[in-house]
1. Look at the stretch 175-208 and say how many of its residues are in a helix (DSSP H, G or I), touching a helix residue (DSSP H, G or I) at 6+ places or on another chain (Cβ under 9 Å) and not aromatic (Phe, Trp, Tyr).
2. Say whether the condition of being charged (D, E, K, R) and more than 28 Å from Leu18 (Cα to Cα) is met by at least one residue in the stretch 139-155.
3. Is it the case that some residue within the stretch 2-14 is within 16 Å of Pro89 (Cα to Cα), modelled with pLDDT under 95 and surrounded by 14 or more Cβ atoms within 10 Å (Cβ to Cβ)?
4. Just name the residue that is surrounded by the most Cβ atoms within 10 Å (Cβ to Cβ) out of those in the stretch 21-72 that are of a type in the set (Gly, Ala, Ser) and over 23 Å from Glu200 (Cβ atoms).
5. If the requirement is being crowded, with 21+ Cβ neighbours inside 10 Å, at pLDDT below 90 and among the aliphatic types (A, V, I, L, M), which of these qualifies: Ala95, Ala151, Ala123?
6. Going by the conditions given, is Gly158 small (Gly, Ala, Ser) and closer than 25 Å to Leu58 by Cβ?
7. Taking the stretch 198-208 on its own, how many of its residues are over 11 Å from the mean Cα position of the chain (by Cα) and either crowded, with 19+ Cβ neighbours inside 10 Å or touching a residue at least 60 places away in the same chain (Cβ under 8 Å) (or both)?
8. If you check every pair at least six apart or on different chains, which have Cβ atoms under 9 Å apart with a residue in the stretch 31-55 that is farther than 23 Å from Val194 by Cβ first and a residue that is of a type outside the set (A, V, I, L, M) and assigned to a loop (DSSP other than H, G, I, E, B) second?
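The values are calculated or read from the model by the stated rules, or taken from the named source; none is laboratory data. Note that the coordinates shown come from a computational prediction; the quantities given were computed from them, not determined experimentally. Using ideal geometry, Cβ is built from the backbone for each residue, glycine included, and neighbour counts are taken over all protein chains shown.
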Amino acid sequence: MKSKTINQEAPVGDVAPLTIGVLALQGDYEAHAQAFERAGAKTVLVRTKDDLKNLDGLAMPGGESTTMLNFLERDGFLEALGKFITVTPCFATCAGCILLAREVLHPPQKSLKLLDATVERNAYGRQIDSAILTEETALPGGPLEMVFIRAPRITRVGPEVEVLAQRDGHPTLVRQGHLLAATFHPEMTSDVRVQSLFLEMIRAERMK
C-alpha cells in the first residue's frame, strides 16, 4: 500500500478545457458534471456506448452498482466500457469504484476488474449510517471533507495502487496509473481538488 503527496499544479497558459464524460445511467451524475465544470472542464452525459467517443476522460458516479450493471449489460455497453477505460483515464466514486474493482465482496458481484483492489459493498451500514468526515490527504490544501453514503470499503490494494486518503486505516481515495477511485462523494462538496487531480492526471497521460 503506497502513499505519497501529490504535486497538483494549475495548468499554465491557454490550455483548452478537457471533455469529461459522466456516466448517466443512475446516481447523481448531474452533481458530478457540475463539479467538473467548476474545476474548468467541459462535460458530456454518457448513456450509450456511442457516447464514449471524443472524450478525454470518464467519470463513473455513485448510485446502486447492481442497477448500473443491469443497464450496462444491454447492447454490449459493459464490454465497450471496459475497453474504453483500459486506455482512457477514469474517475470512479462509490458504486463506480465497485464496478471498477478487481474483486467485489459482500456479496460478490461482477465488475470490470481494472482497479487492483478488493471492495466490500455497503461496508459502513445503511443510508442512516452515512457520515461526513474530514480526513488528511496526500492532496495539497489540507484535510479533505468526505461524504460517505452507504459507502463501500476498500480492504485490499495491489502494489501499483497509491493510497491518497484513508478512513480508519482503509483507503478512501486511490490512484492506479490512469485510474482514480473514491469510496466517498467528492461531488457533494464545494472542494474540487479531487476533480482537479483527475484533470491533471489526464494531462500527464497525454505527455507520456
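1. Of the residues in that region, 7 qualify.
2. yes
3. Of all residues in the stretch 2-14, those within 16 Å of Pro89 (Cα to Cα) come to none.
Within the stretch 2-14 (the criterion being within 16 Å of Pro89 (Cα to Cα), modelled with pLDDT under 95 and surrounded by 14 or more Cβ atoms within 10 Å (Cβ to Cβ)), the answer is no, since none of the residues qualifies.
4. Taking the stretch 21-72 first, the residues of a type in the set (Gly, Ala, Ser) are 21, 24, 27, 31, 33, 35, 39-41, 57, 59, 62-63, 65.
Those left that are additionally over 23 Å from Glu200 (Cβ atoms): 24, 27, 63, 65.
Values: Ala24: 19, Gly27: 24, Gly63: 21, Ser65: 26.
By that ranking, first place goes to Ser65.
5. Ala151
6. Numbers: small (Gly, Ala, Ser): yes; closer than 25 Å to Leu58 by Cβ: yes.
Yes; evaluated as a whole, the condition is true for this residue.
7. 6
8. From residues that are farther than 23 Å from Val194 by Cβ, the pairs are Thr48/Asp75; Lys49/Asp75; Lys49/Gly76.
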